[in-house]
Amino acid sequence: MAHGTALQLLSLALALGPALGFYGGSLTFTPGNRFPDGSVEMHFYYRESSRGPCGSQVDWICESGSCGILTNTGPVVTDSAVENLWCQSEVHMATNVTNSGPFILSSSGCCWEDNVHGVGGWTLRTHVDAGRRSDTQSPNRSPVSAVIPNIRIPQNCFQSIKLLAHDPDDDVVRCRFNDANCTVCHQHQNIHLQEESCTLHRENALDVGVHVFELMLEDYAVSNITVTDASGVSSVNNALSDSNPTALSQVPLQFAVEILPPSQGCVPGVNKPSFLTPTPLHGDVHHAAVGEVHEITLRAQISDSSIYDFQVSGPSNMSKTLTSENNGVLVATLTWTPQETDLYRRVPVCFAADTLHSQSEMRCIVVAVAKARVLSGEAKVICEDNSISIVVSKATMDGIDQNWLQLRDPTCSLTSNETHIMGTMSLNTCGTTIDDTGDFIVFKNEINSFENQNAVITRRNQVKIGFSCQYPKMASVSNRYVNHKSDYIFTESSFGTFGYAFEVFTDSSFSSQVDPSLYPVQVQLMDQIYMGIEARTALPEVTLFVESCRATPEDNPFSAVFYDIIKDGCVVDDTLMVYPSASTKYEFQIQAFKFTGGFDEVYISCSVILCARDSLNSRCAQGCLGQAARRRRRDVSQETARHYITQGPLQVARQARNAASNDGGFLHMSTSTGVFAGLFVVSIAVLVGILVYNARRTRSIDRMRLLSTF
C-alpha cells in the first residue's frame, strides 16, 4: 500500500514537473486566411518560461464567446540553460472563428517559482475580436511583446525595465498590472509601472529573491473606428483620446525578475555587460522574407568578469551561435528562416547577455515577415557635426516613388531630383536614435516605405535603407546631444532642407544665448526665462508659426505629465509674454515653475510649422483656434508638417532648508517661540530703520560740507 502511494505521488510530481518553477508566459495573435463562409483563421503564439524540464503543458480553454476548435503544435524549446536553470518554449495554436465576434481564451495553473511574495497559481487570459476593422479592413492584430526566460538584476543595480510594446496596426499600447477581469494579478508597492511606455521603474529597494510580475497589454485605436462581425453587426471602438476608450484586445505578459545580492558596481561594460554595435536597439523593427535566412548579430563586453551566454526569447526555429572576441567581447549570431506560416507576422525577439553575477539590460526587437525581401538601394551618407545627410541613387531602386518613402519619424519627408533621393536631419530629429557602443556614439535612422492603410492592395515594393553616423566619445557628443538640444534639421519636398534653433537666452534682448556647457540651465522659481525659436531656411517668403508649447518633467513631448503653455495657437499660461520679432522668429518669456511630485527638471517642447507668407489658407494664417476640430487638411505646397522641437532641461535650484521634522519637512514651533520670534523680527526692523536714518543724515551732512567748500 505504501509502495502504491509512493508511485501515485511520483506520478503526480512528474505530471506537475513542467509547471513547477513557472517563470511566466506571453501570448500574441494574428489573423490568417479569411474563408468564403466568412470565417477567419486566427493564429496564437504562446511562449512559456520555466525552471526545470522544458516544455509547456498549458491547456487553453474557451472562457467565453465562440472560440472555434483550437489546435496546437507541441512545445518547441527556443532557448535553455545547462542544469535546467531556465528554459523557454513556444507553442503555435490556430482556430477558425465562424462568427468573428469577441471571445476570451484563458489558462491557469501552478506553480510560480518560489518568490518573495508567496505567489502560487497563475492565470493567463487574452481577449480577441476577429471582426473587420473599419480603418484596416482586416481583423485586429494584438500587441507584440515578450521577455527573456530569466531576468536577473543585482539589488543595487535595478533602476528600470523597458518592455516591448509594439503594435502591428500602429495602435497605442498600454500596459496594466490588472484589468476588470483579472482578480489575481500581483502588484508591487516598490515598483511604478508607466503604462504609456510599458516601463517598470524602481521606487524603493526590492528584496533579494524572485519577484512576480503579471501584466496585461491593451491596444487602442488612434481614432474612433468600428469593428464589424460576420453577421454585419458593428461595434464602435473609441480612441484612447476619448473619455471612455475601448481596448481592441488584451494579451498577457507575465514574467519573473530575480533580484540578486548587491554587486560591487553597476557600471555597464565594467561590472555588467554592455551592448556594442551592431547590436539592435530596443524597439527596432527588422524585415525578413519567407524562405530567406535572416541574421541578427549581438555583441556585448565586460571587463571585470566574462560573458558566458546570451539569453534569447525568439521564434521556435531560431538558432544561436556564440563567438568570442578579444577584450571580453562575446558575439551571438541569431539565425532564423521564416516559413509560409510566418508570413505577415510581427515576431518579438528579446535578448540579454549573462555573466555569473550580473546581466545586461534586456532589449527587444520585432521582425516583420514579408513575402519577399525589402529593397535597399545604394546610398551615400554624409556625417556633419550636428546633422546626417543621405543621398540614394534612383538607378538602384527602379520604380520607387519618393513620395511613398519616409524616415523613422513619418512627419519627416524627403526630396529628390532626376537622379537621387535626398534627406538631411539633425542628430536629434526625425526618429534618429542614439546607441552607445562603448568607444563611439552612433546615431541611426532609416528610410522605409509606407502604404495607404485603407488600401486593400499595393503595387509598390517595400523599401528599407538603414544608415548611421558614429562619433568618438572623446568629442563629448553624448553630453552635447543629451543635455543641450542642437539645431533641428528637416527636409520636405516643397520646402527643401530647413531647420529650427530653439535656445534659452540670458535676457530680454535675445542676443546672448545660454552656453550649451551650462545645461541643465539652473533657475529659481518665479525667475523670468527667455526663450527663442528661429526658423532657418533659404526660402525668403516664409512665416514661422508656433502652434503649441508644453512643459514636461522628462525629455518626451508626449509624456503623461505635462503643462500646456500654448495650445492650438492660443496662449494658455498667464505669465507668457511674446516679443515682436521677424516672421521667422518667435521670442518669449515665461515665469519659472516646476512640476509637483518631486520633479526638479522641466523640458519645453513646441510644435512648429513653416508656411508660405502670403497663403491665406495655411495653418499660420488661421492663428489661434479655440477648437482643434476646425483644423483642415494640410496643403503640402503651402506649409510644412508639424514638427516637435524640445529644449532643456531647466533645473529648479533646490532651496536651502532648515532641519526638518519627521512630519513632512515643515518646521514647527511653540506659541512662546513664535512670540519671541515675532518680537525679534520687530526689533531687527527698528534697528535697521535707525541705521538707515543715521546713514542718510550722515550723507546729508557730508553733502553740505562738500558744497560749502566751493
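Details
- Residues in segment 187-228 that are over 27 Å from F562 (Cα atoms), buried (at least 17 other Cβ atoms within 10 Å of the Cβ) and among the hydrophobic types (A, V, I, L, M, F, W, C): L206, V210, V212, F213, I225, V227.
Results for (1) under 30 Å from Q194 (Cα atoms); (2) surrounded by fewer than 18 Cβ atoms within 10 Å (Cβ to Cβ), shown as yes or no for each residue.
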{"position": "F510", "(1), (2)": "no, no"}
{"position": "P520", "(1), (2)": "yes, yes"}
{"position": "L525", "(1), (2)": "yes, yes"}
{"position": "L539", "(1), (2)": "no, yes"}
{"position": "R550", "(1), (2)": "yes, no"}
{"position": "V561", "(1), (2)": "yes, yes"}
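- Residues that are among the charged types (D, E, K, R), buried (at least 17 other Cβ atoms within 10 Å of the Cβ) and in contact with a Lys or Arg (Cβ under 9 Å, 6 or more places away or on another chain) within segment 264-297 comprise just one, D284.
- Residue list for segment 260-301, filter: in a strand (DSSP E or B), under 20 Å from the mean Cα position of the chain (by Cα) and either assigned by TED's automatic domain parsing to the domain that holds H43 or of a type in the set (A, V, I, L, M) (or both): V285
- Residue in segment 92-109 that is more than 21 Å from E63 (Cβ to Cβ) and touching a strand residue (DSSP E or B) at 6+ places or on another chain (Cβ under 9 Å) present: no
- Scanning segment 39-82 for residues that are of a type in the set (A, V, I, L, M), in a loop (DSSP other than H, G, I, E, B) and either in contact with a Ser or Thr (Cβ under 7 Å, 6 or more places away or on another chain) or at pLDDT 90 or above (or both) gives V58, I69, L70.
- Counted residues, segment 302-322 - those being within 20 Å of F275 (Cα to Cα) and outside any strand (DSSP E or B): 8
- Any hit, segment 598-612, residues being over 22 Å from I489 (Cβ atoms), more than 29 Å from the chain's Cα centre (by Cα) and surrounded by fewer than 18 Cβ atoms within 10 Å (Cβ to Cβ): no
- Test: residue in segment 532-549 that is assigned to a strand (DSSP E or B), touching a residue at least 40 places away in the same chain (Cβ under 8 Å) and over 27 Å from S618 (Cβ atoms): no
- Test set (1) within 27 Å of A538 (Cα to Cα); (2) modelled with pLDDT of 90 or more; (3) among the aliphatic types (A, V, I, L, M) - A612 fails condition number: (2)
- One residue stands out among those in segment 229-259 that are surrounded by fewer than 15 Cβ atoms within 10 Å (Cβ to Cβ) and of a type in the set (V, I, T): the one that is nearest to the chain's Cα centre (by Cα), which is V236.
- Restricting V208, V184, V222, V212 to those that are within 30 Å of R34 (Cβ to Cβ) and either at pLDDT 95 or above or not acidic (D, E) (or both) reduces the list to V222.
The values are calculated or read from the model by the stated rules, or taken from the named source; none is laboratory data. All of these numbers come straight from a predicted model, not from anything done at the bench. Note: ideal-geometry Cβ built from the backbone for every residue, glycine included; neighbour counts use all protein chains shown.
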